[in-house]
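The values are calculated or read from the model by the stated rules, or taken from the named source; none is laboratory data. Since the model is a prediction, treat every value here as computed from it, not as a measurement. No Cβ is skipped: glycine too gets one built from the backbone with ideal geometry, and neighbour counts run over all protein chains shown. Heavy atoms of the whole protein, side chains included, go into the accessibility calculation; ligands, DNA and RNA do not. Shrake-Rupley method; radii C 1.70, N 1.55, O 1.52, S 1.80 Å.
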Amino acid sequence: HASNWEGNFLALQAYMTKHGHDDFGRTMESTSKTGRWVHRQRVAYKAGNLDQEKIDKLKSVGFTFDQGNLKSDAKPWTEQYEELKQYKEANGDCCVPPQYEPNPSLYYWLGTQRSTFKKGKMSDERIALLKELDFNFSTKPRNRNTATLKDGKKPFLDESEWQKMYKEMEVVKEK
């Protein structure tokens, strides 16, 4: 059991080294093995059920037990914002797909930003930063009539284009 704890601790250390924080977020705390383990450590700590030796070891790597007082929250937000900025530069918009590599969590982070904004809980500074990227705070689907891609083309066919392509397909199918 102790070696299992040690293995999870090493995975946490690797995560913190790579990302610079221990904030797994709600999604990763429920979906990743290390995230679930981190959540259990916080719950055990709050309940007074975590050995002092483990507390000391976690503190030695800068682990944050109380996510409510997380001062480094701006760092993960800033990292995600920078990744969104890079995505926009490469793709011309902020419409990140759900399984986007190299950062699958970016799509979910965008949903959190929309939700936070909608609830009126987003700081003016963050609103301004997202507006700089022409971020769409609305969760409504894109307008098929006015949407354009980076190259100026429309991502959707209008009715006449659709009918034309359908007729071409019928011809091919008959052959």
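Pairing each residue of region 76-100 that is farther than 14 Å from Glu132 by Cβ with any residue that is outside any helix (DSSP H, G or I) and of a type in the set (Asp, Glu), provided the two are 6+ apart or on different chains, yields C-beta distances under 7 Å for Pro76/Asp23.
Looking across Arg42, Arg36, Arg26, one residue alone is open to solvent by 30 Å² or more (accessible area, probe 1.4 Å) and either touching a Ser or Thr at 6+ places or on another chain (Cβ under 8 Å) or modelled with pLDDT of 80 or more (or both). It is Arg36.
Which members of region 83-118 meet the condition of being among the polar types (S, T, N, Q), open to solvent by 70 Å² or more (accessible area, probe 1.4 Å) and in a loop (DSSP other than H, G, I, E, B)?
Narrowing region 83-118 to residues among the polar types (S, T, N, Q): 86, 91, 99, 103, 105, 112-113, 115-116.
Those still in the list that are open to solvent by 70 Å² or more (accessible area, probe 1.4 Å) too: 86, 99, 112.
Across region 83-118, the qualifying residue is only Gln99.
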